[in-house]
Amino acid sequence: MLFFEPVRDRKTAPSLVDQAVAAIERAIKQQLLRPGMALPSVRQFAKSHGLSAFTVSAAYNRLVAENWLTSRPGSGYRVAAAAKTPRPAFAAHWTPPQIGASWLLADVFADHSIPIKSGCGWLPPDWVNEAGVQHALRQVARTPINQVAGYGHPYGYFPLREYVQQFLGGHGAALDIDQVLLTQGATQGLDIVIRTLLRPGDAAAVELPCYANLLPALRLAGVRVVGVPRTEDGLDIEELKKAAGGGIKILFVNTVLQNPTGTSLSMGNAFRILQLAEQYDFRVIEDDVSRELMPQLGPMLVALAGPGRVVYVSGFSKSIMPSMRVGYIAADAGLLKQLAQTKMTMGLTTPEMMERTVYQVLRQGRHRAHLQRVQEKLRAAHDQLCALMDSHGFEVFSRPQAGLFLWARPPGPWRERGAARLAELALQDGIWLAPGSYFDSGRDRPGGADTGWIRFNVAYSLHPALWQFMRRVGASSSSA
């Protein structure tokens, strides 16, 4: 079934994904494709039209997100029964949520009404290793009940801790099994570290911008937050030196594919951070949740300096899926005992059934191949998104070509008006943007103004409606 003839002029024609989406939408509207009809497989459609399977898969998945198609494992893609009905996010009765810190940190995770999630922090559902997760769940379901009827070990499921030990050892971090503690995600790991090592009035340095959930956790603990600017190759060393001279106890840092800028530490920058940590005697908390999305090698601070100086925190939400709330901490054995006590005080042991499931996913040979495919998809999405941003006049902070995030800001007046206002307007169109103020530890200080920076999730930011919105607001601001 030939739907269209692709136009391959990159300068004037829409992207091939956009063309495929438009052609299928047109066929549905003209009733050439009727509700319930099956579409050609991704491979068949790609072969018929001279496209890559990735292009067709991206087009099909976008049409699923827009309610034109449905997809079920084993049955391919079909025209949705309600394909003529607009998405709820664009319906007249839909009321966009009120943007704000509480929505970002809590309500957004339960809000499924927004179809274009450019501001989210996770992989699309159709990028998940579905077969691997289902196989793991079946394996765990066969576990004799007497093995899982108790609370589990305070340190977590032993085979998964052993896997983590070996994973870190493969990167040069020599650790014993009693130096690994499992947590309910990396965010809980950071909270355990804060509760154990910091007291009200202590000073902690964070990146500027930094992981959004870290800021409220520090403020709840009464910690004084000191921002250190993030540069393209790491931290601003002179600013870190000033912060260290002011008596910080801890530095929190993303080593590779930082959230939100997408940047990674250079080896030279990593060494300078560790030199200052030794000179001024502060601990480094290495938040490294995105390492498995990075195809090339990058510095690992705990491997360079050891667990006496560095506490390593990571998890599996980025590499497996967000609902797998399993993370871990690696630290000196003596400190890890204290961290385990804090963990037990906060909520007893972590869910062993979930830890067993993660372990089953990881031990399958297909997980590494799945990660390579995800890395390739992210690389392609980075290339496409950077091209779109260049054509729309955006300023791109860095071009990592890996990981989930790009940090960029639109041209013209929006740098003065701020990204928060732009995000409010985008929600009216069913688009979720993540303005830079969410990631700015200095927004309460003079000079911490909203300057227009936005975190873009590359896997969610190629939707034509997002860029139609950007063109519209750009045109309206230039004519105002």
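The values are calculated or read from the model by the stated rules, or taken from the named source; none is laboratory data. This one's a predicted model, so the numbers in the text were calculated from it and none came from an experiment. Positions of Cβ are generated from backbone atoms using ideal geometry, with glycine treated the same way; all protein chains shown enter the neighbour counts.
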Q: Identify the single condition in (1) modelled with pLDDT under 95; (2) part of a helix (DSSP H, G or I) that residue 411 does not satisfy, given that it satisfies every other one.
A: (2)
**Q.** segment 132-161, subset closer than 14 Å to residue 362 by Cα and touching a strand residue (DSSP E or B) at 6+ places or on another chain (Cβ under 8 Å), residue surrounded by the fewest Cβ atoms within 10 Å (Cβ to Cβ)
**A.** 161
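Is it true that residue 361 is under 23 Å from the mean Cα position of the chain (by Cα) and closer than 30 Å to residue 278 by Cα?
Values: under 23 Å from the mean Cα position of the chain (by Cα): yes; closer than 30 Å to residue 278 by Cα: no.
Spelling it out, it is not the case that residue 361 is under 23 Å from the mean Cα position of the chain (by Cα) and closer than 30 Å to residue 278 by Cα.
Hey, among the residues in segment 305-337 that are part of a strand (DSSP E or B) and among the hydroxyl-bearing types (Ser, Thr, Tyr), which one's nearest to residue 355 (Cα to Cα)? Break it down stepwise before answering.
From segment 305-337, those part of a strand (DSSP E or B) are 310-315, 327-330; that's our starting set.
Still in the running and among the hydroxyl-bearing types (Ser, Thr, Tyr): 312, 314, 328.
Working: 312: 19, 314: 14, 328: 11 Å.
The residue in question is 328.
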Q.
Please count how many residues of segment 411-421 are surrounded by 24 or more Cβ atoms within 10 Å (Cβ to Cβ) and either over 20 Å from the mean Cα position of the chain (by Cα) or among the charged types (D, E, K, R) (or both).
A. 0
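Could you pull out the residue among 257, 240 that is part of a loop (DSSP other than H, G, I, E, B), of a type outside the set (Ser, Thr, Tyr), at pLDDT 95 or above and assigned by TED's automatic domain parsing to the domain that holds residue 212? It would help to see each step written out before you state the result.
Details: 240 fails: part of a loop (DSSP other than H, G, I, E, B).
Of 257, 240, the one residue that is part of a loop (DSSP other than H, G, I, E, B), of a type outside the set (Ser, Thr, Tyr), at pLDDT 95 or above and assigned by TED's automatic domain parsing to the domain that holds residue 212 is 257.
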Q: Return yes or no: is residue 378 closer than 19 Å to residue 264 by Cα and not in a loop (DSSP other than H, G, I, E, B)?
A: yes
Q. Out of segment 338-354, which residues are part of a helix (DSSP H, G or I) and either at pLDDT 95 or above or over 23 Å from residue 293 (Cβ atoms) (or both)?
A. 338, 339, 340, 341, 342, 343, 344, 345, 346, 347, 352, 353
Q. Given the residues 458, 396, which is the only one that is surrounded by fewer than 20 Cβ atoms within 10 Å (Cβ to Cβ), hydrophobic (A, V, I, L, M, F, W, C) and modelled with pLDDT of 95 or more?
A. 396
**Q.** Failed item, numbered, when residue 142 is tested on (1) in contact with a helix residue (DSSP H, G or I) (Cβ under 7 Å, 6 or more places away or on another chain); (2) modelled with pLDDT of 85 or more; (3) in the same structural domain as residue 187 (by TED's automatic domain parsing)
**A.** (1)
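Could you check segment 4-62 and list, in sequence order, the residues that are at pLDDT 80 or above and acidic (Asp, Glu)?
Quick first cut of segment 4-62, residues at pLDDT 80 or above only: 16-29, 33-53, 55-62.
Across segment 4-62, the qualifying residues are 18, 25.
Looking at 284, 302, 289, which one is surrounded by 20 or more Cβ atoms within 10 Å (Cβ to Cβ) and in a loop (DSSP other than H, G, I, E, B)? Give the steps one after another, and end with the answer.
Working: 284 fails: in a loop (DSSP other than H, G, I, E, B); 302 fails: in a loop (DSSP other than H, G, I, E, B).
Residue meeting the stated conditions: 289.
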Q: May I ask you to list the residues in segment 259-275 that are aliphatic (A, V, I, L, M) and surrounded by fewer than 20 Cβ atoms within 10 Å (Cβ to Cβ)?
A: 267, 274
(Q) What's the number of the only condition in (1) touching a Gly at 6+ places or on another chain (Cβ under 8 Å); (2) within 30 Å of residue 469 (Cα to Cα); (3) crowded, with 18+ Cβ neighbours inside 10 Å that residue 408 fails to meet? (A) (1)
Q: Examine segment 191-210 for a residue that is part of a loop (DSSP other than H, G, I, E, B), within 30 Å of residue 459 (Cβ to Cβ) and β-branched (Val, Ile, Thr), and state whether such a residue exists.
A: no
